[in-house]
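Here is the structure we will look at.
The values are calculated or read from the model by the stated rules, or taken from the named source; none is laboratory data. Keep in mind it's a predicted model, so treat the numbers as computed, not measured. Cβ sites come from the backbone with ideal geometry, for glycine too, and all protein chains shown count toward neighbours. Areas reflect the complete protein model, heavy atoms only, side chains present, ligands, DNA and RNA absent. Shrake-Rupley method; radii C 1.70, N 1.55, O 1.52, S 1.80 Å.
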Amino acid sequence: MVMVTTQGMTCFFEASSPLSNWHPARFTCRGIEFGNAEQFMMYCKAKLFNDHKTAEKILRATTPREQKALGRQVRNFDERLWSEKCEGYVRTGCLEKFRQNPALAKVLLDTGATELVEASPYDKIWGVGLSANDPRIQDRSQWRGQNRLGKVLMQVRETLVQEIGKHTSELQSPYDLVC
């Protein structure tokens, strides 16, 4: 499944979907090049906790799977602080991913006003904990996850719509980055 749109929802999952943080998409933030939004997220995580060694490993890692595994090894990790900061980092990474990759931005914008849903049966934080073909996905009260990535992507989509309306690509990110 790349993306499935039904009943006002656009469900996505796996690296093949342009909406996925694992989808290949080169972008630069603060002079650092990233190969996907997952790498950006894990790099920010390592930098937030001053684990510069792991941050460098994350930059050298070539697959999202490796990058995520390294992110799980970040030293001095504090769940409360990460929970407070992570959405801002993911929002910034996704915003730059789509700003700097017009073909991907078109895919995001073409989702219109649908609710974006990461249909990951495995992820209960960034996804909904259900697959797109699970009938419970149509009933938000039955979601087993928070859908944080879907919510962030809807915010990014709205920002891009506003930027297009203002005819500018030089808007600054309001998020406090450590990277």
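Identify the residue in the range 1-28 that is among the hydroxyl-bearing types (S, T, Y) and either modelled with pLDDT under 90 or crowded, with 21+ Cβ neighbours inside 10 Å (or both) and, among all such residues, is farthest from Q39 (Cα to Cα).
T6
In the range 78-122, how many residues are assigned to a loop (DSSP other than H, G, I, E, B) and touching a strand residue (DSSP E or B) at 6+ places or on another chain (Cβ under 8 Å)?
If we filter the range 78-122 for residues that are assigned to a loop (DSSP other than H, G, I, E, B), which is where we start, we get 78, 100-101, 110-114, 119-122.
Add one more test, that the residue is touching a strand residue (DSSP E or B) at 6+ places or on another chain (Cβ under 8 Å), and what stays is 100-101, 111, 114, 119.
The total comes to 5.
Across the range 1-30, what is the total count of residues that are touching a Lys or Arg at 6+ places or on another chain (Cβ under 9 Å) and farther than 15 Å from L104 by Cα?
Selection size over the range 1-30: 0.
Which members of the range 89-105 meet the condition of being surrounded by fewer than 24 Cβ atoms within 10 Å (Cβ to Cβ) and more than 18 Å from Y43 (Cα to Cα)?
Across the range 89-105, the qualifying residues are R99, Q100, N101, P102, A103, L104, A105.
I'd like the full set of residues that are open to solvent by 30 Å² or more (accessible area, probe 1.4 Å) and more than 10 Å from C11 (Cβ to Cβ), limited to the range 109-125.
Once the filter is applied, which keeps residues that are open to solvent by 30 Å² or more (accessible area, probe 1.4 Å) and more than 10 Å from C11 (Cβ to Cβ), the range 109-125 yields L109, D110, G112, A113, P121, Y122, D123, K124, I125.
Determine whether V128 is open to solvent by less than 30 Å² (accessible area, probe 1.4 Å) and modelled with pLDDT of 95 or more.
Values: open to solvent by less than 30 Å² (accessible area, probe 1.4 Å): yes; modelled with pLDDT of 95 or more: yes.
Against the criterion (open to solvent by less than 30 Å² (accessible area, probe 1.4 Å) and modelled with pLDDT of 95 or more), V128 qualifies.
Considering only residues that are in a helix (DSSP H, G or I) and either open to solvent by 100 Å² or more (accessible area, probe 1.4 Å) or farther than 20 Å from A25 by Cβ (or both), which ones fall in the range 56-68? Spell out the reasoning first.
Here is the first cut: in the range 56-68, the residues in a helix (DSSP H, G or I) are 56-60, 64-68.
Listed by number, the residues that qualify are E56, K57, R60, R65.
With respect to the numbered conditions (1) in contact with a helix residue (DSSP H, G or I) (Cβ under 7 Å, 6 or more places away or on another chain); (2) on the phi < 0 side of the Ramachandran plot, which one is the sole condition not fulfilled by Q7?
Condition not satisfied by Q7: (2).
State all residues of the range 42-52 that are surrounded by 24 or more Cβ atoms within 10 Å (Cβ to Cβ) and either modelled with pLDDT under 95 or of a type outside the set (K, R) (or both); if no residue qualifies, say none.
M42, Y43, C44, A46
Would you check which residues across the range 69-88 are closer than 17 Å to Q146 by Cα and open to solvent by less than 10 Å² (accessible area, probe 1.4 Å) and list them?
The one that is closer than 17 Å to Q146 by Cα and open to solvent by less than 10 Å² (accessible area, probe 1.4 Å): C86.
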